[in-house]
Amino acid sequence: MLTLIKNIKELVQVESGQHKLRAQGKEMAQMETIKNAYLIVEDDKIKDFGTMETESGKRKAESEADIVVDATGRMVFPTFCDSHTHLVYANSRELEFVDKIRGLSYEEIAKRGGGILNSAKATAAASEDELYELAQQRLDEAMRLGTGAIEIKSGYGLSTESELKLLRVIRRLRENSPLTIRSNFLGAHGIPMEYRGHQEDYVDLVINEMLPRVAAEGLADFIDVFCDQGFFTVDDTARILEAGIKYGLRPKIHANEMAISGGVQVGVKYNAISVDHLEQMGDAEIECLKGSDTMPTILPGCAFFLNLPLSPARRMIEAGLPVAMASDYNPGTSPSCNMQLVLSMACIRYRLTPEEALNATTLNTAYAMGVSDQLGTIAVGKRANFFITKPISSLEYMPYSFGENKVELVFLNGKRK
Ligand code: NIG
Ligand code: FE
């Protein structure tokens, strides 16, 4: 099956040379594009692309294809990769949203049993089918906004049965959705009330009861811990990550949202694929990430929603580090899966250039979920996940025009959705 997209105003983020697994430091500002381009897809893969301005390009753009799409006036981008979400949950939490406006902090709400525990209670009461339906609708919304790959965490279970239920929902989504999905076991997301004051017993439960069952059913790719002040300690985190690694799960953790907590260091020590949040970063944290295989991942939606300090993205890029940006889609701190908005916030709030912001939300997030060999750019042999925009004026218009859906058509695995 051949699909031809022709007359593309600009084909963005192509890799004609060697494929990179991530972009770091100055590389983040590099972005290859082709004006007046064609793109050829064979089955689920990108077969060829180029300019329509040469004779051979013109011929290719007129070649026989089963499906031809004329993209005149429109641009083509690789789909976003959203490497950090908590998409499976039962209820929204707008009452806590109002509590926060009235002055309560996220940690104060958590201490009195709200926050993650509020979601865990509702999620425990919901059936697997109900959770699946809700998650399916959210996934569909993410896709309409241009997301083609997504990481999904458990973490609103906080009991063995409930965590397994969430992970099974993620498995079903993975089996039935055209999006590329990776699953992350976040049993250590919150400390249930009955374990307050002796949270090491909950850590034991995660390690000795939950993990073996998660691994036996092959339900997760990654292991996560909310390593932060008021949540899990560095020691708790180290124990859980070590146990997860024994079961073949690579760490991918929450770190440094509330405080400089040692989360970045423990993540790097255990070769986490990413450390996420990073609102609180000192020089030591930046130093420690240098030379590592760990992707620093910023979650602009969460900092926006909670009015947190901004992670020092520019300082990290200037230090030669890569930076990824994901949605953190969840009911408590970032109730939006809109990666176009993340792209805009990357520029507006973190002062990334549009090119850097694109690398942060595609290639680098693909790396942060272990799929950048197949996704994150337009490259021959990569999976054909891309979107065609509405008629727009330029690449820069994508982050500039925040709040508007600029995506007209989404192609996943070579098929129009
Ligand atoms: O990534 N920080 C920890 N976990 C989520 C929030 C979860 C919630 O409040 O429900 C986050 O922001
Ligand atoms: Fe999160």
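Readers should treat all values here as calculations from the given coordinates under stated rules, not as data from a laboratory. As the structure is a prediction and not an experimental result, all values here were calculated from the model. Glycine also receives a Cβ, built like all others from the backbone with ideal geometry; neighbour counts cover every protein chain displayed.
For the range 371-417, with equal point scatterers placed on the C-alpha atoms only and solvent neglected, what are the log10 I(q)/I(0) values from the Debye formula at q = 0.25 1/Å, to two decimals?
Taken in order of the listed q values, log10 I(q)/I(0) reads -0.95.
For the range 111-129 and the range 309-377, what is the separation of their Cα centres, given in Å?
Cα centres, the range 111-129 to the range 309-377: 28 Å.
Determine, for each peptide in 264-270, 82-88, 134-140, the mean count of other beta carbons within 10 angstrom over its residues, then list the peptides with the highest first.
On the way: 264-270: 22.9, 82-88: 28.4, 134-140: 17.0.
By packing density, highest mean first, the sequence is 82-88, 264-270, 134-140.
Can you give the FRET efficiency for LYS415 and ARG59, using 1/(1 + (r/R0)^6), R0 = 41 Å, r = Cβ-Cβ distance, to the nearest 0.05? Please report the intermediate quantities before stating the final value.
Numbers: r = 26 Å, r/R0 = 0.62.
It comes out at approximately 0.95.
Please give the length that would be gained between ALA124 and GLU318 if that part of the chain were fully extended, namely 0.36 nm times their separation in residues minus their C-alpha to C-alpha distance (nm, one decimal). Please report the intermediate quantities before stating the final value.
Working: separation 194, 0.36 × 194 = 69.84 nm, distance 4.44 nm.
Full extension from ALA124 to GLU318 adds 65.4 nm.
Using Cα positions and a limit of under 18 Å, work out the aspartates and glutamates in reach of LYS58, with same-chain residues fewer than 8 apart set aside.
GLU10, ASP48, ASP66, ASP70
Among THR361, TYR132, ILE223, pick out the residue whose Cα is farthest towards the positive end of the charge dipole of the range 80-368, where Lys and Arg carry +1 and Asp and Glu carry -1 on C-beta, about the Cα centre.
Highest projection toward the positive end goes to THR361.
Using the alpha-carbon atoms, what tilt in degrees (0 to 90, nearest 10) does helix 339-348 show relative to the longest principal axis of the chain?
Its long axis makes an angle of about 90 degrees.
Please report, in debye to the nearest 20, how large the charge dipole of the chain is about its Cα centre when each Lys and Arg carries +1 at its beta carbon and each Asp and Glu carries -1 there. Please report the intermediate quantities before stating the final value.
Working: 46 positive and 57 negative charges, 159 e Å.
Using only the charged Cβ atoms, the result is roughly 760 debye.
Quick one: compute the contact order of the chain, relative version, from alpha carbon pairs under 8 angstrom and 6+ residues apart, as a percent.
Details: 957 pairs, mean separation 89.6, N = 417.
Reported as a whole number, the value is 21 percent.
Highest first, please rank the peptides 225-234, 408-417 by the mean number of other Cβ atoms sitting within 10 Å of their residues. Can you show the working numbers first?
Numbers: 225-234: 22.6, 408-417: 17.2.
Ranked from most to least packed, the peptides come out as 225-234, 408-417.
Report the relative contact order of the range 151-272, percent, no decimals, based on alpha-carbon pairs under 8 angstrom and at least 6 residues apart.
Numbers: 205 pairs, mean separation 26.9, N = 122.
Value for the range 151-272: 22 percent.
Please identify the GluC sites (Glu not before Pro) of the range 171-250 that satisfy two criteria: DSSP loop assignment and at most 13 other Cβ atoms within 10 Å. Which are they? Before the final figure, lay out each step's value.
Details: sites: GLU175, GLU194, GLU200, GLU209, GLU217, GLU242; in loops: GLU217.
Here the GluC sites (Glu not before Pro) that fit, given the DSSP loop and packing criteria, are GLU217.
Could you order the peptides 99-109, 147-157 from most to least packed, using the average number of other C-beta atoms within 10 Å per residue?
On the way: 99-109: 14.1, 147-157: 28.7.
With the highest mean Cβ count within 10 Å placed first, the list reads 147-157, 99-109.
To the nearest 0.05, how large is the calculated FRET efficiency for GLU42 and ASP235 if R₀ is 60 Å and r is the Cβ-Cβ distance?
Values: r = 51 Å, r/R0 = 0.86.
The calculated FRET efficiency here is 0.70.
Under 10 Å, Cα contacts only: if you run a Gaussian network model on the chain, which one of ASP221, ASP129, ASP48 comes out with the highest mean-square fluctuation?
ASP129
Please give every one of the aspartates and glutamates within straight-line cross-link reach of LYS165, meaning a C-alpha to C-alpha distance under 19 Å, and leave out same-chain neighbours fewer than 8 residues apart.
Those aspartates and glutamates meeting the cut-off are GLU128, ASP129, GLU130, GLU133, GLU151, GLU175, GLU209, GLU217, ASP221, ASP224.
What is the set of long-range amide H partners of VAL69 at a cut-off below 5 Å, with H atoms built 1.01 Å from backbone N?
Excluding prolines and chain starts, which carry no amide H, the hits are LEU4, ILE5, LYS6.
Can you give the relative contact order of the range 45-134 as a percent, counting alpha carbon pairs under 8 Å and 6+ residues apart?
On the way: 32 pairs, mean separation 24.1, N = 90.
That works out to 27 percent.
Compute the acute angle (0 to 90°) between the alpha-carbon long axis of helix 234-246 and the principal axis of greatest extent of the alpha-carbon atoms of the chain; round to the nearest 10°.
60
Can you list the aspartates and glutamates whose alpha carbon is less than 14 Å from that of LYS290, not counting same-chain residues fewer than 8 positions off?
List returned: GLU318.
Take the residue pairs LYS20/LYS390; LYS382/LYS406; LYS252/LYS415; LYS9/LYS406 and return only those whose Cα atoms are more than 19 Å apart. Intermediate results must be reported in sequence, preceding the final value.
Numbers: LYS20/LYS390 28 Å; LYS382/LYS406 24 Å; LYS252/LYS415 31 Å; LYS9/LYS406 15 Å.
As for pairs spanning more than 19 Å Cα to Cα, those are LYS20/LYS390; LYS382/LYS406; LYS252/LYS415.
Would you please give the residues with an amide H less than 5 Å from that of ASP48, counting only those at least 5 places away or on a separate chain, with H modeled from the backbone geometry?
ILE40
Treating the angle as unsigned and between 0 and 90°, give the value, to the nearest 10°, between the Cα long axis of helix 128-144 and the longest Cα principal axis of the chain.
40
How far is it, in nm, from the label point at LYS290 to the one at LEU95 when both lie 7 Å from their Cα along the line to the Cβ?
5.0
Per 10 Å bin, what percent of the C-alpha pairs of the range 80-368 does each bin hold, from zero upward?
7, 32, 39, 20, 2
Check which residues have an amide H placed less than 5 Å from MET295's amide H, if you skip close sequence neighbours.
Hits under the 5 Å cutoff: SER274, VAL275.
If each residue of separation counts as 0.36 nm, what is the full-extension length gain between ASP140 and ASP204 once their alpha-carbon separation is subtracted? Working shown, then result.
Details: separation 64, 0.36 × 64 = 23.04 nm, distance 3.66 nm.
The span from ASP140 to ASP204 would gain 19.4 nm if fully extended.
How large is log10 I(q)/I(0) at q = 0.13, 0.22, 0.23 Å⁻¹ when the Debye formula is applied to the Cα atoms of the range 309-379, each weighted equally and without solvent?
Those come out to -0.37, -1.02, -1.09, one per q.
At a Förster distance of 30 Å, what's the computed FRET efficiency of SER401 paired with LYS35, Cβ-Cβ distance as r, to 0.05? If you can, show how the numbers build up before the last one.
On the way: r = 20 Å, r/R0 = 0.67.
About 0.90, to the nearest 0.05.
Contour minus end-to-end for LYS246 and ASN307, with contour as 0.36 nm per residue of separation and end-to-end as the Cα-Cα distance?
Length gained, LYS246 through ASN307: 18.2 nm.
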